[in-house]
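**Q** Below: one structure in structure tokens.
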């Protein structure tokens, strides 16, 4: 603990030595799925994500970008009994991306992510019945994943990005049933100094 102030100063100096700090906003389209047990009759759910970030340079090619994002995830399903529905999972995701400038225009990124479940609902329909069930008590409150992505930089503050979040943790509380999130994200990004 005695060295903590020194380490904080060292980290701050490392991030400020290159002189670039960016902040920005991003939003876009989620194409999400739930993988694992009992997911044979499912289709991806389309949803929205959006939030902010700070990009801190390590050197001219490498930076670290923590983000805070609201993310609509889940899956659509149908079963043999005539039920069609959507599992709607809403998260606050906190990815921390390491970004590498491969060329002037293209940036490769990867990093871990933790997600905090806000709500979980099962919206279902059948010829005889329909409704919405709150299933938050059946889901774990925290999710972990790994992100991999690519960004195209227009060099004017605007970027376009594609990312995949590979779920690493079981999101289901029920023992014997193992499910993990998987999300493709397509984003529009604006950053400024």
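The values are calculated or read from the model by the stated rules, or taken from the named source; none is laboratory data. No experiment lies behind these values; they were computed from the predicted model shown. Methodologically, a virtual Cβ is constructed for each residue, glycine included, from the backbone with ideal geometry; neighbour enumeration extends over all protein chains shown.
**Q** Please verify whether region 102-116 includes one or more residues that are under 22 Å from residue 159 (Cβ atoms), surrounded by fewer than 15 Cβ atoms within 10 Å (Cβ to Cβ), in contact (Cβ under 8 Å) with a residue 24 or more places away in the chain and more than 22 Å from the chain's Cα centre (by Cα).
**A** Looking for residues that are under 22 Å from residue 159 (Cβ atoms), surrounded by fewer than 15 Cβ atoms within 10 Å (Cβ to Cβ), in contact (Cβ under 8 Å) with a residue 24 or more places away in the chain and more than 22 Å from the chain's Cα centre (by Cα), one finds at least one in region 102-116, hence yes.
**Q** If you don't mind, there's one more thing I want to ask. Of all residues in region 40-66, which are buried (at least 16 other Cβ atoms within 10 Å of the Cβ) and not in a strand (DSSP E or B)?
**A** Matches in region 40-66: 58 only.
**Q** Next question, about the same structure. Among the residues of region 73-85, what is the count of those that are surrounded by fewer than 20 Cβ atoms within 10 Å (Cβ to Cβ) and in a strand (DSSP E or B)?
**A** 3
**Q** So is residue 31 more than 21 Å from residue 178 (Cβ to Cβ), touching a strand residue (DSSP E or B) at 6+ places or on another chain (Cβ under 6 Å), surrounded by 15 or more Cβ atoms within 10 Å (Cβ to Cβ) and at pLDDT 90 or above or not? I'd like the intermediate steps shown before the answer.
**A** Values: more than 21 Å from residue 178 (Cβ to Cβ): yes; touching a strand residue (DSSP E or B) at 6+ places or on another chain (Cβ under 6 Å): yes; surrounded by 15 or more Cβ atoms within 10 Å (Cβ to Cβ): yes; at pLDDT 90 or above: yes.
The answer is yes for residue 31.
**Q** Can you tell me which residues in region 157-182 are modelled with pLDDT under 95 and closer than 20 Å to residue 101 by Cα?
**A** Once the filter is applied, which keeps residues that are modelled with pLDDT under 95 and closer than 20 Å to residue 101 by Cα, region 157-182 yields only 157.
**Q** Within region 140-193, work out how many residues are outside any strand (DSSP E or B), free of Cβ contacts under 8 Å to residues at least 40 places away in the same chain and under 22 Å from residue 119 (Cα atoms).
**A** Residues meeting the conditions: 7.
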